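Have a look at the structure below, then the notes.
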Amino acid sequence: MGVAIRGTGSILPEKILTNQDLEQMVDTTDEWIRQRTGMKERHIAEKDTVASLAAAACKRALESAGKSAEDTELIIVATCTTEMLLPCAACRVQKLIGAANAIAFDINAACGGFLFALNTAHHYIASGACRNALVVGAEVLSEIIDWTDRSTCVLFGDGAGAVYVEETISGERSGIIGMSQGSSGMNGQMLYCRGRNVKGATEPEINSSDLLVHMSGSDVYRFAVRQVPICITKALDSAGIGTEDVDVYVLHQANRRIIESIAKTLKTDIDKFPMNIERTGNTSSASIPILLDELHRAGRIQKGQRVVLSGFGAGMTYGACVVVW
Ligand code: UT7
């Protein structure tokens, strides 16, 4: 059974935090942030939560697909910043949008999460377990950022994006035609947040820093520029096409220089790698579906085009997906 993306939706919280605002908070400059990352501003949730942002993105994706919440059979939310441990964000989304007939659960694969969720939904539908799904990436990273650490606090933003996927009809050419994903737990120390004092943790006491994100930026950078092109190439191989056959690459928006390096390694023109990082910062699992929605709504992605989605994140995790739109 084939699986196609029928609709997209996204939302960014209203409040904008600019590089100039950050200059007032930590020892940084607009010039440093723009040159090293490509970011100018990011959105920060004030009242919004992971569930409320995810629900808003889902409503827009349903509207874009012309589908109803009641008929939705599966909701998967990729997130690493859900505001409640129980119930999961997907079940709260189910309640907020009124998708009473859906199976709902979360996936945490950090910034790689949306691709892991999409892959899972693909397998559910391809196996016949369900016919459609809402796949969401939603984050309120501002809750776990150390706002005194200039090496991380300038990078991240909040938001949510969703796609509605459905089984294809016989003879249809649209759909997911290739996938690849992987995890490298051996590199887990590159980017982590302990989050809470878990029984059996090595440290007896948790301090407030343990509740925040810690990152070795240059290690993550090197991991991404090496691993993502390999992963994209594997996904393209599984689809039986080459880089020259791809119309648009929708990559995780972590750093403009990372995306430029990946384009160079793939020997592909940077024009095929649209970005919104300037306005959004790194929204982790939400970045790919937010950019996808913006491109779809702007008409930058057209029916029949081949689109590659790819990202990486804490874990370390990485994934790529090839879609015929
Ligand atoms: O979704 C996955 C999540 N994470 C990522 O994708 C992050 C991947 N890594 C990166 O994007 C880059 O490594 C960063 C943007 C985080 C950093 O850029 P870099 O070119 O790798 O810089 P660096 O870490 O090597 O630091 C260079 C200098 C250091 O100063 P010294 O030691 O050379 O004097 C840092 O202390 O820049 C300094 N620095 C800053 N200066 C001004 C670090 N952060 C800042 C800052 N403003 N915000």
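Rule-based calculations on the coordinates, nothing more; no lab input. No experiment lies behind these values; they were computed from the predicted model shown. Ideal geometry is used to build each Cβ from the backbone, glycine not excepted, and the neighbour counts take in all protein chains shown.
Over every Cα atom in the stretch 182-325, the radius of gyration and the widest Cα-Cα span, Dmax, amount to 17.0, 56 Å.
Measuring from centroid to centroid over Cα atoms, what is the spacing of the stretch 27-98 and the stretch 146-192 in Å? Answer, in whole Å: 12. By the beta-carbon count within 10 Å of each Cβ, the least crowded to most crowded order of W147, W325, W32, fewest first, is W147, W32, W325. Using Cα pairs closer than 8 Å and at least 6 residues apart in sequence, work out the relative contact order for the chain, in percent. Reported as a whole number, the value is 26 percent. Peptides 71-80, 17-26 ranked from most to least packed, by the mean per-residue count of other Cβ atoms within 10 Å: 71-80, 17-26. Charges were assigned to the Cβ only: +1 to each Lys and Arg, -1 to each Asp and Glu. The resulting dipole of the chain about its Cα centre is roughly 600 debye. Given their separation in residues at 0.36 nm each and the Cα-Cα distance between them, E70 and E31 gain 9.2 nm when the chain is fully extended. Peptides 256-266, 130-140, 3-13 ranked from most to least packed give 130-140, 3-13, 256-266, packing being the mean of other C-beta atoms within 10 angstrom over each peptide's residues. Working note: 222 nm ellipticity from helices only, DSSP H runs with n ≥ 4, each -39,500 (n - 2.57), summed and divided by the residues of the chain, gives -9500 deg cm²/dmol to the nearest 500.
Only one residue of T82, G38, I97 has its Cα farthest out toward the positive end of the dipole of the stretch 34-145, where Lys and Arg carry +1 and Asp and Glu -1 on Cβ, and that residue is G38. Listed by chain and number, the lysines whose C-alpha is less than 17 Å from the C-alpha of K272, apart from same-chain residues fewer than 8 away, are K264, K303.
Taking each residue as 0.36 nm, the span from K267 to E46 lengthens on full extension beyond its C-alpha to C-alpha distance by 75.4 nm. Within the stretch 1-71, the ratio Rg/Rh, alpha carbon atoms throughout and Rh by Kirkwood, equals 1.18. The residue list S151, A109, Q227 was ranked by how far each Cα lies along the charge dipole of the chain toward its positive end, using unit charges on Cβ atoms, and Q227 comes out on top.
Hey, what does the equivalent ellipsoid look like for the chain, semi-axes from the Cα gyration tensor as sqrt of 5 times each eigenvalue, largest first, whole Å?
29, 23, 19
Stretching the chain fully between A100 and L85 yields a gain of 3.3 nm (0.36 nm per residue, less the alpha carbon separation).
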